Amino acid sequence: AQSVTQPDIHITVSEGASLELRCNYSYGATPYLFWYVQSPGQGLQLLLKYFSGDTLVQGIKGFEAEFKRSQSSFNLRKPSVHWSDAAEYFCAVGTPMDSSYKLIFGSGTRLLVRP
Amino acid sequence: EADIYQTPRYLVIGTGKKITLECSQTMGHDKMYWYQQDPGMELHLIHYSYGVNSTEKGDLSSESTVSRIRTEHFPLTLESARPSHTSQYLCASSESYLRYFGPGTRLTVT
C-alpha cells in the first residue's frame, strides 16, 4: 500500500531565506505527486503536481519541487520565502491508472516565517 | 479558479442537535469528497461520491451521513452532534486526481 511521510511537523525560516519541505513516499512504481497549501481558515490549494516527464516541476507562488526516484522523495522548495508563505503544506500521492483517483495525504508541515 | 462553496463557515452548536453541512460546486465534477481535519492538521477522508446516488465511506469511520441527489450538491449530516465531532470539515471535488477544496466548515459542539 502506498503511503506518504512529511517528517517535519513545524519549520521556521526567516523572511528572504530559502525553504525546503520534505516529502517521502512509499510505492512500488512512480506515483503521481502533489503539493497543496492551506492558509489559516481556508481550504487546500494546489501548488504543483508531477505526473511524468521533467523531474523538476514549477508551481504557483514561486514554488518548485523535484521528484527523485532513487530517494522516493518529492521535496518542495522556494528560493526566498515571503511572510505570506506562512501556512500548512501537504504532500499527496496518487496511484496512476487508479479509476478511483484516490489521494493519500501526508500529515502536513506548518511553516512559520520570522520577520 | 475553482468554484466550490461550503456553508456555514463556522458553527457552534449544542450536544444532541442535528446539523447539516452544505457543499456545492459549479464545475460539474462527478467526484466529491468530505475530509475531516484534526487540530494537528492531518486530513482524513470520511465520505466520497462518484456521482449522483453514489456514496461511499472513507478511510476514517464517521457517524455522519451524506447524500448525492444532484451532481453539484453533497451535504453532510450529523443526526446528533457530540463534542467528539468538533473539527474542521473540508469538502472537495475532482474530475481526476486534481482536488478542488472548499474553504471548510469549522464545527464546535459544546
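The values are calculated or read from the model by the stated rules, or taken from the named source; none is laboratory data. Since we're looking at a predicted model, the values are computed, not measured. The protein model used for the area step is the full one, side chains on, heavy atoms only, and it has no ligands, DNA or RNA in it. Shrake-Rupley method; radii C 1.70, N 1.55, O 1.52, S 1.80 Å.
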Item to check | For the range A:1-80, average projected area of the Cα convex hull in nm² | outcome: 6.0 nm²
Checklist entry - Which of the residue pairs B:Lys18/B:Lys57; A:Lys68/A:Lys102; A:Lys78/B:Lys57 have a Cα-Cα distance greater than 27 Å in the structure shown? => result A:Lys78/B:Lys57
Checklist entry - Applying the Karplus parametrisation 6.51 cos²θ - 1.76 cosθ + 1.60 with θ = phi - 60° to the phi angles of the range A:4-14, what ³J(HN,Hα) value in whole Hz is obtained for each residue in order, glycine and proline being reported as x? => result 9, 10, 10, x, 9, 6, 10, 9, 10, 10, 7
Next on the checklist: For A:Ala17, what residues show an amide H to amide H distance below 5 Å, using hydrogens built from the backbone and excluding near sequence neighbours?
Outcome noted: A:Val81
Checklist entry - For chain B, what value does the Rg/Rh ratio take when both radii are computed over Cα atoms and Rh is the Kirkwood radius, given to two decimals? => result 0.94
Item to check | Phi to ³J(HN,Hα) by Karplus 6.51 cos²θ - 1.76 cosθ + 1.60 over the range A:30-43, Hz, x for Gly, Pro | outcome: 7, x, 8, 10, 9, 10, 10, 10, 10, 7, x, x, 10, x
Checklist outcome for this item: Across A:Tyr27, A:Tyr50, A:Tyr89, the residue with the highest GNM fluctuation in chain A (Cα network, 10 Å cutoff) is A:Tyr27
Checklist entry - the range A:13-85 to the range B:26-52: how many Å between their Cα centroids? => result 22 Å
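How would B:Ile46, B:Ile13 rank on accessible area, largest to smallest, probe 1.4 Å?
Of B:Ile46, B:Ile13, the descending order of accessible area is B:Ile13, B:Ile46.
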